[in-house]
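Below is one structure, written out as structure tokens; the observations come after it.
The values are calculated or read from the model by the stated rules, or taken from the named source; none is laboratory data. Being a predicted model, the structure only gives us computed values, none of them experimental. Cβ sites come from the backbone with ideal geometry, for glycine too, and all protein chains shown count toward neighbours.
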Amino acid sequence: MIEAEFRPHIGVLAIQGDYAAHAAALAEAGAIPSLVKTPEELRLDGQSLDGLILPGGESTTMLKFLERHGLFEALKEFCGMKPVFGTCAGVILLAREVRNPVQRSLGALDAVVDRNAYGRQVDSAILHAETTLPGGPLEMVFIRAPRIARIGPDVEPLAFREGAPTLVRQGSLMAATFHPELSLDRRVHRLFVEMVKTAKTAKAARAR
Ligand code: GLN
């Protein structure tokens, strides 16, 4: 018997930034996206939402909104329960420590992150680099990108820019300092969708 392909439900934090591009990329990568603006939409009761993307944008603005609308604590809890993928400002939100300037964060990803680390002239760039993903060089779009300055022992780097990791994975967390949703290549979103499917299957197996 051929089973219909399972499409996980993945939320995109939709406060500010390029969440719409992420939702479109998720749909192309085989997931069912939904926009998340409230703690209720995170569905911490475990129903429906299988994973979450924290998009790029302005992390300070996002942080203020999260704190004001009771989303900060809810997101922290979600990070311990389900797969989460942070891109650009999303990495800043996920990190254990944020510098330049110091900023509060969710502390889920064992990494030290420097904001706006690539200077003014080069604060936006499109680079191509080999990664651990199969399929050849990956396009990476950097927009006033942060730099991952340090990672903990459980964090696996999958791609680099000038020696600093640009794509990392720590268990069911993934983080990219670039914007994979702005490229046509869907390998990064497909990897996250696969992580979400694996986490969901493992959870279902444990519950049996
Ligand atoms: N410079 C932004 C910040 O510090 C991040 C930029 C981005 O997400 N494209 O929050």
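Assorted remarks:
- Residue check for Gly152: exposed (fewer than 14 other Cβ atoms within 10 Å of the Cβ), away from the ligand (no atom under 16 Å from the Cβ) and either in contact (Cβ under 8 Å) with a residue 40 or more places away in the chain or under 19 Å from Pro83 (Cβ atoms) (or both): yes
- Sole exception among (1) crowded, with 19+ Cβ neighbours inside 10 Å; (2) within 27 Å of Ala31 (Cα to Cα) for Ile126, by number: (1)
Here is a yes/no grid of residues against (1) in contact with a His (Cβ under 7 Å, 6 or more places away or on another chain); (2) over 28 Å from Ile126 (Cβ atoms); (3) surrounded by 16 or more Cβ atoms within 10 Å (Cβ to Cβ):
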{"residue": "His9", "(1), (2), (3)": "no, yes, yes"}
{"residue": "Ala21", "(1), (2), (3)": "no, no, yes"}
{"residue": "Ala24", "(1), (2), (3)": "no, no, no"}
{"residue": "Ala27", "(1), (2), (3)": "no, no, no"}
{"residue": "Leu63", "(1), (2), (3)": "no, no, yes"}
{"residue": "Glu67", "(1), (2), (3)": "no, yes, no"}
{"residue": "Phe72", "(1), (2), (3)": "no, yes, yes"}
{"residue": "Ala95", "(1), (2), (3)": "no, no, yes"}
{"residue": "Asn100", "(1), (2), (3)": "no, no, no"}
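- Qualifying residues in segment 156-188 (those that are within 14 Å of Leu94 (Cβ to Cβ) and surrounded by fewer than 19 Cβ atoms within 10 Å (Cβ to Cβ)) - the one nearest to the ligand (Cβ to nearest atom): Gln170
- Sole exception among (1) over 21 Å from Ala89 (Cβ atoms); (2) among the aliphatic types (A, V, I, L, M); (3) at pLDDT 95 or above for Leu26, by number: (1)
- Among the conditions (1) at pLDDT 95 or above; (2) surrounded by fewer than 16 Cβ atoms within 10 Å (Cβ to Cβ); (3) over 18 Å from Cys79 (Cα atoms), the only one that Leu138 does not satisfy is (2).
- Neighbours by Cβ (under 6 Å, 6+ apart or cross-chain): first from segment 10-37, closer than 16 Å to Leu49 by Cα; second buried (at least 22 other Cβ atoms within 10 Å of the Cβ) and of a type in the set (Asp, Glu): His22/Glu181
- Of the residues examined, Pro137 is one that is of a type outside the set (A, V, I, L, M) and either within 21 Å of Leu66 (Cα to Cα) or away from the ligand (no atom under 16 Å from the Cβ) (or both).
- Qualifying position, being at positive phi, without any contact (Cβ under 8 Å) to a residue 12 or more places away in the chain and of a type in the set (D, E, K, R), among Glu194, Glu162: Glu162
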